[in-house]
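Here the structure comes first, spelled out in structure tokens, and everything after it is commentary.
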Amino acid sequence: MAPSQTAKSAASKTKKEKVFHPASRKAGQLARKSLRKGKLGNLSSKRAQKHHVRADIYGFFFHALPEEGVLSLDELHALIRDVWLARHDEELEQEQAARRKGRPKSVKETKLEDMKLVESEEYRTGLEVLDLTHPVNVHLLRQWNQKEVAYVEQLRHIRIFSQQPDEIVVSRPGKHQLLIKGGGGEQEGMQVDTTSQ
């Protein structure tokens, strides 16, 4: 009985990877292609991480909405100061209590302290938040499905400062149709920031 495969046909089925000279044009093309693929993968992972962070922030403000009406500016400042900036305090205290005397800080404790410091500094210099003092904006936020960040990006955002609690800067006026039709409804002491657009 004759063999079912000849040595020649078996060798042709196992395809060898073609090796290019390192200085050839094809090797350069392959190097550029793999570099581009790596950059795009890195950018997409950063974008996804940023998307999750924004979804968490918007979700926090969504759940902080009152049942009826809107928040006053003082209530918004109290919400950020007492709830948003203090959300990691309990976890930070647990990490500090778990650390024995004379031992260095854990990585988790350092990250929490750094995050708290960065957020406090951002609030001092101007924290951009959803405008929960604007009735149309609050109405639109209540209709959010808590998944699509692009919907919330269309809403009105303001920048508030811990040092100047009475000052509001509209950083993004909002692109939703109801906000455009409504004319924005500017309040006293409110400025519009045209540099961030």
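Of the residues G59, G102, G69, only one is of a type outside the set (K, R) and open to solvent by less than 30 Å² (accessible area, probe 1.4 Å); which?
None of the others qualify; the one that does is G59.
Which number in (1) touching a helix residue (DSSP H, G or I) at 6+ places or on another chain (Cβ under 6 Å); (2) closer than 24 Å to A55 by Cα; (3) modelled with pLDDT under 90 marks the one condition that E95 misses?
Status for E95: all satisfied but (2).
Quickly run through the range 123-156 and pick out the residues that are open to solvent by less than 80 Å² (accessible area, probe 1.4 Å) and more than 30 Å from K181 (Cβ to Cβ).
Y123, T125
Are there any helices (runs of 4 or more DSSP H) wholly within the range 115-188 with 2 or more residues that are closer than 26 Å to A86 by Cα, more than 19 Å from the chain's Cα centre (by Cα) and in contact (Cβ under 8 Å) with a residue 60 or more places away in the chain, and if so which?
In the range 115-188, the matching helices (runs of 4 or more DSSP H) lie at 135-142.
The values are calculated or read from the model by the stated rules, or taken from the named source; none is laboratory data. In this text the structure is predicted, and so the values were computed from the model without any measurement. Virtual Cβ from ideal backbone geometry, glycine too; neighbours counted across all protein chains shown. When the accessible area is computed, the model is the full protein with side chains, heavy atoms only, and any ligands, DNA or RNA have been set aside. Shrake-Rupley method; radii C 1.70, N 1.55, O 1.52, S 1.80 Å.
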